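What follows is a set of notes on a single structure, which appears directly below.
Only the coordinates and a few stated rules stand behind these numbers; no lab work does. Treat the numbers as computed from the prediction; the structure is a model and nothing was measured. Glycine also receives a Cβ, built like all others from the backbone with ideal geometry; neighbour counts cover every protein chain displayed.
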Amino acid sequence: MRKLLLLFALTPLLMAHTCEDDDYHRHHHPCTTEARAGINVTVTLNGEAITTPSGIVVTARDGNYIEDLQPIIPDTPTFSGAWERPGLYIVTVSKTGYQTYTSEPLPVHRDECHVIPEHLTINLVPNP
């Protein structure tokens, strides 16, 4: 009976120690060293996938900050930028002969290590 009472008395201490360990691992995990793009935009033209980003301009603006996004992999239609930079961005995509696309404000948040990437697929349509 004493062992049972001792077990009941120690259970809260054991549980508290376990919770502290969980909090430690949840809030103190090591961060990776790579930079992450906050905004990633894949562009299609008139609903068709493209093989080269030639002539496409993708811009992200957060207040006075303006950045031209670039393809991470050359000759692909996915543009990335806002590297490790949280903010509220307006994304503009343009190409000669197509209607310019302007997004609604796009929030980019961060966790304890990196920005949380946002992904957009934008279809440009030909000018009328």
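Summary of computed values
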{"item": "Neighbour-count ranking [beta-carbon atoms within 10 angstrom, fewest first] of I39, I73, I90, I66", "result": "I73, I66, I90, I39"}
{"item": "Hull-based mean projected area of the stretch 37-124, where the convex hull spans the alpha carbons, in square nanometres", "result": "5.5"}
{"item": "Residue order, fewest to most beta carbons within 10 Å, for Y65, Y101, Y89", "result": "Y65, Y101, Y89"}
{"item": "Residues whose placed amide H lies under 5 Å from that of I50, excluding near-sequence neighbours", "result": "L45"}
{"item": "HN-Hα J in Hz across the stretch 51-61 - Karplus 6.51, -1.76, 1.60, θ = phi - 60°, x for Gly and Pro", "result": "9, 9, x, 3, x, 8, 10, 10, 10, 10, 10"}
{"item": "Rounded to whole Hz, the Karplus (6.51, -1.76, 1.60) HN-Hα couplings of the stretch 76-82, x for glycine and proline", "result": "10, x, 10, 9, 9, x, 6"}
{"item": "Karplus-derived 3J(HN,Hα), 6.51/-1.76/1.60, for each residue of the stretch 108-121, Hz, glycine and proline x", "result": "10, 9, 9, 9, 5, 10, 9, 5, 9, x, 10, 10, 10, 10"}
